[in-house]
């Protein structure tokens, strides 16, 4: 299997933006499915898809022939919130390829999906919402952040063994890494309703950081909160920034004072990984963190947590 970076950004391509809701962020509607020729074989259940633009020189014809069922795709899409000058690209979906379309039906299926014959379609499992900046994606590939740190100019496979040497050394293959990554936010995306207080599944001391992150994210949360939790858990190595506690069930993703998820403050620098009781104190204003990164306990909490007053917060290279 292969891993792809899919350039689906629409900063200069409004059609891509319009297509997100048709087949990527939502299941393909019954009305669109009815337009697909009956001879086209489709998987059962909800259907998702994307497509390479059919370029004049035919370069993407090679890609549609190359992409395979089971491949993992990271979709670089455009966030169109706010004014156009504020639009930005990032990796916001990840999905496995679930099926391919016979070339003789490319045009008709493309027309059914996107009201245009100019795409080379492939089918997807339900895309998982993520929120990775190019810098964050680059540092997942290699901690140095030296590779794949810009918006992809075209859809391409992750295939350079030099650039991928860190992933291969850690996971054995790029595909193993992608499988580990895609499983991390999946459970958290199954339900959107609750907050951070639910217990996680059972754990083992032998669990890897990625496995523990998956379990940390497997509580019922909003999709954007699942991504936020995952980022913080990885950034802080699964440990409370104050006590170093690594018991997953005892940890919470806390927004720093003044940051609100409803305002889109869901980046690593917007949060801290804390033990749940300390998170409650922090939100209540009974525990503060000074500008230079030290715990300050207010009267009422100090008598119960005297050993934590004055402790330096583990910032993991982040500004607190």
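The values are calculated or read from the model by the stated rules, or taken from the named source; none is laboratory data. Being a predicted model, the structure only gives us computed values, none of them experimental. Backbone-built Cβ (ideal geometry, glycine too); neighbour counts: all protein chains shown.
Okay, here's what the table says:
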read-out: Hey, residue 110 outside the structural domain of residue 266 (by TED's automatic domain parsing), part of a helix (DSSP H, G or I), within 15 Å of residue 16 (Cα to Cα) and free of Cβ contacts under 8 Å to residues at least 60 places away in the same chain or not; value: yes
read-out: Count of the range 27-45 residues which are at negative phi, modelled with pLDDT under 90 and either assigned to a helix (DSSP H, G or I) or under 29 Å from the mean Cα position of the chain (by Cα) (or both); value: 3
read-out: Index of the failed condition, residue 185 passing every other in (1) modelled with pLDDT of 70 or more; (2) outside the structural domain of residue 289 (by TED's automatic domain parsing); (3) buried (at least 18 other Cβ atoms within 10 Å of the Cβ); (4) touching a strand residue (DSSP E or B) at 6+ places or on another chain (Cβ under 7 Å); value: (1)
read-out: Output for the range 56-74, where each listed residue is more than 28 Å from the chain's Cα centre (by Cα) and part of a loop (DSSP other than H, G, I, E, B); value: 56, 57, 58
read-out: Only one of 7, 65 that is assigned by TED's automatic domain parsing to the domain that holds residue 126 and free of Cβ contacts under 8 Å to residues at least 12 places away in the same chain; value: 65
read-out: Residue 48 closer than 15 Å to residue 3 by Cα, buried (at least 17 other Cβ atoms within 10 Å of the Cβ) and assigned by TED's automatic domain parsing to the domain that holds residue 10; value: no
read-out: Filtered residues of the range 66-86 (kept if surrounded by fewer than 20 Cβ atoms within 10 Å (Cβ to Cβ), farther than 12 Å from residue 99 by Cα and at pLDDT 90 or above); value: 66
read-out: Strands (runs of 3 or more DSSP E) enclosed by the range 247-298 - at least 3 residues per element that are modelled with pLDDT of 85 or more and farther than 17 Å from residue 232 by Cβ; value: 295-297
